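S.K.: So that we are looking at the same thing, I have put the structure below in C-alpha coordinates.
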Amino acid sequence: MTTADILFAQPGDRTIDHEYDARTVLWALLAAIFIHIMVAFLLAVFGGVFSPTTPIEENPVQLTFVDLPQAPLVPMNSTFMETDESKASAQPPKEKTFESNANSIGASELPATGALPLPSQEGKDRPTTDLETHQYSLANEGTQPQPSAAPQETPSPSVAPTPQSTPISEADQFAMLSTTPTPSIQPTVAATPRQPRSIYQPLKEQTRLSGSITNRGSPRVNAIGTPLGRYQKLLYDAVGSRWYSYVNGDNGLISIGTARLMFSVDREGRVKNLKVVQNSSNESFANVCLRSVLEIQLPPIPEDVASTLPPDGLDEEMTFTMFAN
(Lines give C-alpha, C1' and ligand atoms only; values in the text may rest on other atoms or scores of the structure.)
Protein backbone atom coordinates (compact mmCIF):
# COMPACT_ATOMS: atom_id res chain seq x y z
CA MET A 1 0.00 0.00 0.00
CA THR A 2 1.33 3.18 -1.09
CA THR A 3 1.43 5.87 1.43
CA ALA A 4 0.59 9.26 0.29
CA ASP A 5 1.54 12.19 2.20
CA ILE A 6 -1.40 14.51 2.34
CA LEU A 7 -0.71 17.90 3.64
CA PHE A 8 -3.50 19.98 5.14
CA ALA A 9 -3.16 23.66 5.47
CA GLN A 10 -3.31 25.00 8.90
CA PRO A 11 -5.77 27.82 9.67
CA GLY A 12 -3.12 30.07 11.14
CA ASP A 13 -0.95 30.01 8.02
CA ARG A 14 -3.82 31.11 5.71
CA THR A 15 -4.32 34.33 7.66
CA ILE A 16 -0.67 35.20 7.36
CA ASP A 17 -0.78 34.79 3.58
CA HIS A 18 -3.79 37.10 3.28
CA GLU A 19 -2.11 39.85 5.26
CA TYR A 20 1.02 39.54 3.17
CA ASP A 21 -0.98 39.82 -0.05
CA ALA A 22 -2.83 42.91 1.22
CA ARG A 23 0.39 44.66 2.20
CA THR A 24 1.89 43.84 -1.18
CA VAL A 25 -1.09 45.29 -3.04
CA LEU A 26 -1.05 48.39 -0.83
CA TRP A 27 2.64 49.00 -1.40
CA ALA A 28 2.22 48.44 -5.10
CA LEU A 29 -0.65 50.96 -5.16
CA LEU A 30 1.35 53.51 -3.23
CA ALA A 31 4.29 52.98 -5.54
CA ALA A 32 2.09 53.48 -8.58
CA ILE A 33 0.66 56.68 -7.11
CA PHE A 34 4.14 57.93 -6.27
CA ILE A 35 5.36 57.14 -9.74
CA HIS A 36 2.42 59.02 -11.30
CA ILE A 37 3.06 62.03 -9.05
CA MET A 38 6.73 62.09 -9.94
CA VAL A 39 5.95 61.83 -13.63
CA ALA A 40 3.44 64.67 -13.36
CA PHE A 41 5.93 66.77 -11.40
CA LEU A 42 8.67 66.17 -13.94
CA LEU A 43 6.33 67.02 -16.78
CA ALA A 44 5.30 70.19 -15.00
CA VAL A 45 8.91 71.19 -14.38
CA PHE A 46 9.99 70.58 -17.94
CA GLY A 47 6.76 72.13 -19.29
CA GLY A 48 7.46 75.44 -17.55
CA VAL A 49 4.42 75.48 -15.31
CA PHE A 50 6.42 76.33 -12.21
CA SER A 51 8.95 78.55 -14.01
CA PRO A 52 8.60 82.28 -13.22
CA THR A 53 6.66 84.22 -15.83
CA THR A 54 8.95 86.63 -17.65
CA PRO A 55 7.17 89.99 -18.12
CA ILE A 56 6.81 91.03 -21.73
CA GLU A 57 8.66 94.26 -22.25
CA GLU A 58 6.74 96.72 -24.33
CA ASN A 59 9.03 98.53 -26.70
CA PRO A 60 8.45 102.30 -26.59
CA VAL A 61 7.11 103.98 -29.71
CA GLN A 62 9.96 105.29 -31.75
CA LEU A 63 9.59 108.34 -33.97
CA THR A 64 11.84 108.69 -36.96
CA PHE A 65 12.35 112.14 -38.45
CA VAL A 66 13.12 112.14 -42.13
CA ASP A 67 14.37 115.25 -43.86
CA LEU A 68 12.08 115.80 -46.82
CA PRO A 69 12.74 118.37 -49.52
CA GLN A 70 10.81 121.49 -48.64
CA ALA A 71 8.38 122.79 -51.21
CA PRO A 72 8.70 126.48 -51.96
CA LEU A 73 6.44 128.43 -49.65
CA VAL A 74 3.87 130.57 -51.42
CA PRO A 75 3.60 133.94 -49.65
CA MET A 76 0.14 134.70 -48.36
CA ASN A 77 -1.45 138.09 -48.45
CA SER A 78 -0.83 140.14 -45.33
CA THR A 79 -3.79 141.37 -43.32
CA PHE A 80 -5.04 144.57 -44.90
CA MET A 81 -6.28 147.47 -42.82
CA GLU A 82 -7.45 150.61 -44.57
CA THR A 83 -5.91 153.88 -43.41
CA ASP A 84 -7.67 157.20 -43.65
CA GLU A 85 -5.35 159.43 -45.67
CA SER A 86 -6.11 162.35 -43.36
CA LYS A 87 -4.63 160.32 -40.47
CA ALA A 88 -1.64 158.94 -42.36
CA SER A 89 1.80 159.23 -40.83
CA ALA A 90 4.89 160.34 -42.68
CA GLN A 91 7.04 157.87 -40.76
CA PRO A 92 6.39 154.10 -40.74
CA PRO A 93 5.54 152.48 -37.38
CA LYS A 94 8.05 150.40 -35.44
CA GLU A 95 5.64 147.46 -35.36
CA LYS A 96 4.46 146.67 -38.89
CA THR A 97 1.38 144.69 -37.91
CA PHE A 98 -0.90 145.41 -40.87
CA GLU A 99 -0.48 146.21 -44.53
CA SER A 100 -2.27 149.33 -45.71
CA ASN A 101 -2.52 152.00 -48.33
CA ALA A 102 -0.61 154.47 -46.12
CA ASN A 103 1.56 154.50 -43.02
CA SER A 104 -0.23 154.61 -39.70
CA ILE A 105 1.04 154.64 -36.09
CA GLY A 106 -1.18 152.85 -33.59
CA ALA A 107 -3.06 154.89 -31.00
CA SER A 108 -6.02 154.41 -28.67
CA GLU A 109 -8.34 156.73 -26.80
CA LEU A 110 -8.84 154.17 -23.99
CA PRO A 111 -6.28 152.19 -21.94
CA ALA A 112 -5.30 148.76 -23.21
CA THR A 113 -7.82 146.07 -22.20
CA GLY A 114 -6.86 143.11 -24.40
CA ALA A 115 -4.14 141.31 -26.31
CA LEU A 116 -5.12 142.12 -29.91
CA PRO A 117 -2.94 144.61 -31.85
CA LEU A 118 -5.86 147.05 -31.96
CA PRO A 119 -7.02 150.09 -30.01
CA SER A 120 -9.52 149.68 -27.20
CA GLN A 121 -12.82 151.43 -27.80
CA GLU A 122 -16.53 151.31 -27.19
CA GLY A 123 -18.99 150.70 -29.98
CA LYS A 124 -21.35 148.18 -31.52
CA ASP A 125 -20.77 144.45 -31.50
CA ARG A 126 -20.18 143.81 -35.18
CA PRO A 127 -17.96 141.34 -37.08
CA THR A 128 -16.11 144.26 -38.69
CA THR A 129 -13.19 146.29 -37.32
CA ASP A 130 -14.22 149.91 -37.77
CA LEU A 131 -12.32 152.56 -35.86
CA GLU A 132 -14.75 155.40 -36.61
CA THR A 133 -18.34 156.08 -37.59
CA HIS A 134 -19.50 157.78 -40.78
CA GLN A 135 -22.10 157.28 -43.50
CA TYR A 136 -21.22 156.01 -46.92
CA SER A 137 -20.86 158.31 -49.88
CA LEU A 138 -20.86 157.17 -53.49
CA ALA A 139 -18.13 158.00 -55.93
CA ASN A 140 -18.64 160.95 -58.22
CA GLU A 141 -17.09 161.83 -61.52
CA GLY A 142 -15.84 165.14 -60.27
CA THR A 143 -16.21 168.53 -61.89
CA GLN A 144 -15.50 168.29 -65.59
CA PRO A 145 -12.84 170.72 -66.76
CA GLN A 146 -14.22 173.67 -68.66
CA PRO A 147 -12.82 174.25 -72.14
CA SER A 148 -10.00 176.67 -71.79
CA ALA A 149 -10.26 179.95 -73.64
CA ALA A 150 -8.21 180.38 -76.76
CA PRO A 151 -4.86 181.86 -75.93
CA GLN A 152 -4.80 185.52 -76.63
CA GLU A 153 -1.61 187.27 -77.55
CA THR A 154 -1.03 190.59 -76.02
CA PRO A 155 -0.51 192.95 -78.93
CA SER A 156 2.80 194.67 -79.08
CA PRO A 157 2.53 198.27 -78.19
CA SER A 158 2.43 200.55 -81.24
CA VAL A 159 4.98 203.24 -81.67
CA ALA A 160 3.62 206.27 -79.98
CA PRO A 161 4.65 209.78 -80.92
CA THR A 162 7.49 210.97 -78.87
CA PRO A 163 6.29 213.51 -76.40
CA GLN A 164 7.86 216.87 -76.34
CA SER A 165 10.64 216.87 -73.82
CA THR A 166 13.57 218.90 -72.85
CA PRO A 167 16.79 218.40 -74.81
CA ILE A 168 18.78 215.27 -73.73
CA SER A 169 22.38 215.59 -72.94
CA GLU A 170 25.06 213.52 -74.64
CA ALA A 171 25.58 211.39 -71.47
CA ASP A 172 21.89 210.48 -71.36
CA GLN A 173 21.90 209.54 -75.04
CA PHE A 174 24.84 207.17 -74.50
CA ALA A 175 23.03 205.48 -71.54
CA MET A 176 19.92 204.92 -73.64
CA LEU A 177 21.90 203.32 -76.46
CA SER A 178 23.70 200.88 -74.08
CA THR A 179 20.50 199.74 -72.23
CA THR A 180 19.30 196.09 -72.86
CA PRO A 181 16.17 196.12 -74.96
CA THR A 182 12.92 195.08 -73.28
CA PRO A 183 11.91 191.48 -74.30
CA SER A 184 8.67 191.01 -76.12
CA ILE A 185 5.70 189.78 -74.04
CA GLN A 186 4.95 186.06 -74.55
CA PRO A 187 1.36 184.86 -74.97
CA THR A 188 -0.26 183.52 -71.78
CA VAL A 189 -2.30 180.30 -71.67
CA ALA A 190 -5.01 179.74 -69.07
CA ALA A 191 -4.26 176.88 -66.63
CA THR A 192 -6.49 173.80 -66.92
CA PRO A 193 -8.35 173.07 -63.66
CA ARG A 194 -7.64 169.65 -62.08
CA GLN A 195 -10.40 167.14 -61.38
CA PRO A 196 -11.14 166.61 -57.70
CA ARG A 197 -10.69 163.13 -56.31
CA SER A 198 -13.62 160.77 -55.79
CA ILE A 199 -15.38 161.20 -52.46
CA TYR A 200 -16.38 157.53 -52.11
CA GLN A 201 -16.19 156.12 -48.62
CA PRO A 202 -17.83 153.00 -47.15
CA LEU A 203 -20.28 152.96 -44.28
CA LYS A 204 -18.47 152.54 -40.97
CA GLU A 205 -19.78 152.12 -37.44
CA GLN A 206 -17.31 152.09 -34.58
CA THR A 207 -17.09 148.57 -33.20
CA ARG A 208 -16.31 147.44 -29.68
CA LEU A 209 -12.64 146.44 -29.44
CA SER A 210 -10.28 145.28 -26.68
CA GLY A 211 -6.73 145.85 -27.84
CA SER A 212 -3.20 146.19 -26.54
CA ILE A 213 -2.20 149.59 -27.99
CA THR A 214 -1.14 151.96 -25.23
CA ASN A 215 -0.21 155.06 -27.25
CA ARG A 216 -2.88 157.70 -26.61
CA GLY A 217 -4.58 159.37 -29.54
CA SER A 218 -7.35 158.92 -32.08
CA PRO A 219 -7.91 155.21 -32.85
CA ARG A 220 -5.36 153.88 -35.33
CA VAL A 221 -3.37 150.70 -35.90
CA ASN A 222 0.26 150.06 -36.72
CA ALA A 223 0.22 149.73 -40.50
CA ILE A 224 2.80 150.11 -43.21
CA GLY A 225 1.88 151.58 -46.57
CA THR A 226 2.93 149.26 -49.41
CA PRO A 227 2.24 149.01 -53.16
CA LEU A 228 0.11 145.93 -52.46
CA GLY A 229 -1.88 147.82 -49.84
CA ARG A 230 -2.55 150.67 -52.26
CA TYR A 231 -3.71 148.20 -54.92
CA GLN A 232 -6.02 146.50 -52.42
CA LYS A 233 -7.48 149.89 -51.49
CA LEU A 234 -8.16 150.49 -55.18
CA LEU A 235 -9.87 147.09 -55.40
CA TYR A 236 -12.07 147.63 -52.34
CA ASP A 237 -13.12 151.09 -53.47
CA ALA A 238 -14.06 149.80 -56.92
CA VAL A 239 -16.19 146.98 -55.48
CA GLY A 240 -17.69 149.03 -52.66
CA SER A 241 -18.86 151.94 -54.82
CA ARG A 242 -20.74 149.57 -57.12
CA TRP A 243 -22.18 147.56 -54.24
CA TYR A 244 -23.74 150.57 -52.51
CA SER A 245 -25.20 151.74 -55.80
CA TYR A 246 -26.80 148.36 -56.55
CA VAL A 247 -28.07 147.93 -53.00
CA ASN A 248 -29.85 151.28 -53.19
CA GLY A 249 -31.48 150.28 -56.48
CA ASP A 250 -32.64 146.83 -55.29
CA ASN A 251 -33.31 147.70 -51.67
CA GLY A 252 -36.84 146.29 -51.77
CA LEU A 253 -35.67 142.89 -53.03
CA ILE A 254 -32.79 142.35 -50.61
CA SER A 255 -33.16 140.75 -47.21
CA ILE A 256 -30.95 141.07 -44.15
CA GLY A 257 -27.97 138.71 -44.08
CA THR A 258 -24.34 138.16 -44.97
CA ALA A 259 -22.68 136.88 -48.14
CA ARG A 260 -19.04 135.85 -48.33
CA LEU A 261 -17.26 135.72 -51.70
CA MET A 262 -13.88 134.36 -52.72
CA PHE A 263 -12.04 135.23 -55.92
CA SER A 264 -8.64 136.10 -57.32
CA VAL A 265 -7.32 138.97 -59.41
CA ASP A 266 -4.80 137.95 -62.04
CA ARG A 267 -1.80 140.01 -63.10
CA GLU A 268 -3.86 141.80 -65.76
CA GLY A 269 -6.39 142.98 -63.18
CA ARG A 270 -9.15 140.55 -64.21
CA VAL A 271 -11.38 138.77 -61.71
CA LYS A 272 -11.08 134.96 -61.76
CA ASN A 273 -12.63 132.01 -59.87
CA LEU A 274 -15.44 134.06 -58.33
CA LYS A 275 -17.76 132.03 -56.08
CA VAL A 276 -20.15 132.47 -53.17
CA VAL A 277 -18.99 130.40 -50.20
CA GLN A 278 -21.62 131.59 -47.72
CA ASN A 279 -24.95 133.40 -47.96
CA SER A 280 -27.45 133.91 -45.16
CA SER A 281 -29.48 136.41 -47.20
CA ASN A 282 -31.53 135.77 -50.35
CA GLU A 283 -30.52 135.20 -53.95
CA SER A 284 -31.00 138.86 -54.91
CA PHE A 285 -28.42 139.91 -52.36
CA ALA A 286 -25.94 137.32 -53.63
CA ASN A 287 -26.45 138.52 -57.22
CA VAL A 288 -25.76 142.11 -56.19
CA CYS A 289 -22.51 141.06 -54.53
CA LEU A 290 -21.46 139.03 -57.59
CA ARG A 291 -22.19 141.91 -59.97
CA SER A 292 -20.24 144.31 -57.78
CA VAL A 293 -17.11 142.19 -58.15
CA LEU A 294 -17.53 141.05 -61.76
CA GLU A 295 -17.99 144.54 -63.21
CA ILE A 296 -14.92 146.21 -61.72
CA GLN A 297 -12.19 147.40 -64.06
CA LEU A 298 -8.77 147.36 -62.46
CA PRO A 299 -5.39 148.27 -63.89
CA PRO A 300 -2.76 145.51 -64.14
CA ILE A 301 -1.03 144.60 -60.91
CA PRO A 302 2.31 146.43 -60.67
CA GLU A 303 5.27 144.22 -61.41
CA ASP A 304 6.86 144.74 -58.00
CA VAL A 305 3.59 143.57 -56.41
CA ALA A 306 2.93 140.68 -58.82
CA SER A 307 6.35 139.18 -58.13
CA THR A 308 5.40 138.67 -54.46
CA LEU A 309 2.03 137.02 -55.18
CA PRO A 310 1.11 133.38 -55.93
CA PRO A 311 0.85 132.32 -59.60
CA ASP A 312 -2.93 132.82 -59.58
CA GLY A 313 -2.52 136.45 -58.55
CA LEU A 314 -4.10 138.27 -55.65
CA ASP A 315 -6.37 135.99 -53.58
CA GLU A 316 -9.22 137.89 -51.97
CA GLU A 317 -12.14 137.14 -49.66
CA MET A 318 -14.87 139.75 -49.20
CA THR A 319 -17.81 139.78 -46.82
CA PHE A 320 -20.95 141.82 -47.56
CA THR A 321 -23.49 142.38 -44.78
CA MET A 322 -26.94 143.95 -44.82
CA PHE A 323 -27.94 145.19 -41.37
CA ALA A 324 -31.34 146.25 -40.13
CA ASN A 325 -31.90 150.00 -39.88
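S.K.: If you roll a 1.4 Å probe over the stretch 226-325 with all protein chains in place, what percent of the accessible area is carbon or sulfur?
M.R.: Heavy-atom surface of the stretch 226-325 belonging to carbon and sulfur, 1.4 Å probe: 49 percent.
S.K.: Still on this structure, please answer the following. Just subtract the alpha-carbon distance of Ser218 and Arg230 from 0.36 nm times their residue separation and send over the number in nm, one decimal.
M.R.: Gain on extension, Ser218 to Arg230, equals 2.1 nm.
S.K.: Give the lysines reachable from Lys96 as a straight Cα distance under 17 Å; neighbours fewer than 8 places away on the same chain don't count.
M.R.: Those lysines meeting the cut-off are Lys87.
S.K.: Calculate the spin-label point distance for Lys275 paired with Asp125, positioning each point 7 Å from the Cα along the beta-carbon direction, and give it in nanometres.
M.R.: 3.3
S.K.: Here is a further query. Taking the convex hull of the Cα atoms, report for the stretch 200-325 its projected area averaged over all directions, in nm².
M.R.: The orientation-averaged projected area of the Cα hull of the stretch 200-325 comes to 9.6 nm².
S.K.: Give a quick list of GluC sites (Glu not before Pro) in the stretch 233-325 that DSSP marks as loop, anything other than H, G, I, E or B, with at most 14 other Cβ atoms within 10 Å.
M.R.: Those that pass, being in a loop and sparsely packed, are Glu268, Glu295.
The values are calculated or read from the model by the stated rules, or taken from the named source; none is laboratory data. What you are looking at is a predicted structure, and each value in this text was computed from that prediction instead of being measured. Positions of Cβ are backbone-derived with ideal geometry, glycine not excepted, and every protein chain shown enters the neighbour counts. Remember, those area values only see protein heavy atoms, side chains included, never the ligands or the DNA or RNA. Shrake-Rupley method; radii C 1.70, N 1.55, O 1.52, S 1.80 Å.
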